[in-house]
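In what follows, a single structure is set out as structure tokens and then discussed.
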């Protein structure tokens, strides 16, 4: 990290250590990426990581669509760490690499799946226009329900926070990672 020293677990305050240990014990299994700078404020880190854990591991939106929303958000913010962290998850969840490639190149993917197109449109409109059209809203609500519509919106907001932290603190992806154009 360009703007922070490497994390030293032995130098954490009591509050930082509690959040650090909570993250390690949770589904992430480790403190890395955006959570290193977030530990500067253990209160923020705890609430943000809790929201993220819910949205990523327990929410109602299917994994492939969740990862599509995450990648679309990461690309919008040019958050290379997050991009590189989630491309493998998207592939594992079944997202076509051609879609990932198109998003990386800032092209609208050619979707054969209507649900994928609806999620991409919703997230792209939300970031680009700061709102979604009635058509984009209805496509998500009518297919997945109101709970998923709210969770998709929250997912875009959560990964916006993550992207802003990564970009502000210049958290770099691992050596050899894909650089976004």
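Just one of the listed residues (126, 95) is in a loop (DSSP other than H, G, I, E, B), assigned by TED's automatic domain parsing to the domain that holds residue 162 and either on the phi > 0 side of the Ramachandran plot or surrounded by 12 or more Cβ atoms within 10 Å (Cβ to Cβ) (or both), namely 95. For segment 4-50, the tally of residues that are buried (at least 16 other Cβ atoms within 10 Å of the Cβ), part of a loop (DSSP other than H, G, I, E, B) and within 17 Å of the chain's Cα centre (by Cα) stands at 4.
Is it the case that residue 64 is at pLDDT 95 or above, surrounded by fewer than 19 Cβ atoms within 10 Å (Cβ to Cβ) and closer than 27 Å to residue 136 by Cβ? Before the answer, list the steps.
Numbers: at pLDDT 95 or above: yes; surrounded by fewer than 19 Cβ atoms within 10 Å (Cβ to Cβ): no; closer than 27 Å to residue 136 by Cβ: yes.
Criteria not met by residue 64.
Conditions (1) loosely packed, with under 13 Cβ neighbours inside 10 Å; (2) touching a strand residue (DSSP E or B) at 6+ places or on another chain (Cβ under 9 Å); (3) touching a residue at least 24 places away in the same chain (Cβ under 8 Å); (4) outside any helix (DSSP H, G or I), marked per residue:
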| site | (1), (2), (3), (4) |
| --- | --- |
| 122 | no, no, yes, no |
| 136 | no, no, no, no |
| 148 | no, no, yes, no |
| 167 | no, no, yes, no |
| 181 | yes, no, yes, yes |
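Residue 162 passes every criterion in (1) part of a helix (DSSP H, G or I); (2) within 30 Å of residue 5 (Cβ to Cβ); (3) free of Cβ contacts under 8 Å to residues at least 24 places away in the same chain apart from (3).
The values are calculated or read from the model by the stated rules, or taken from the named source; none is laboratory data. The structure presented is a predicted model; accordingly, all values stated were derived computationally and were not measured. Because the Cβ atoms are built from the backbone with ideal geometry, glycine has one as well, and the counts that use them run over all protein chains shown.
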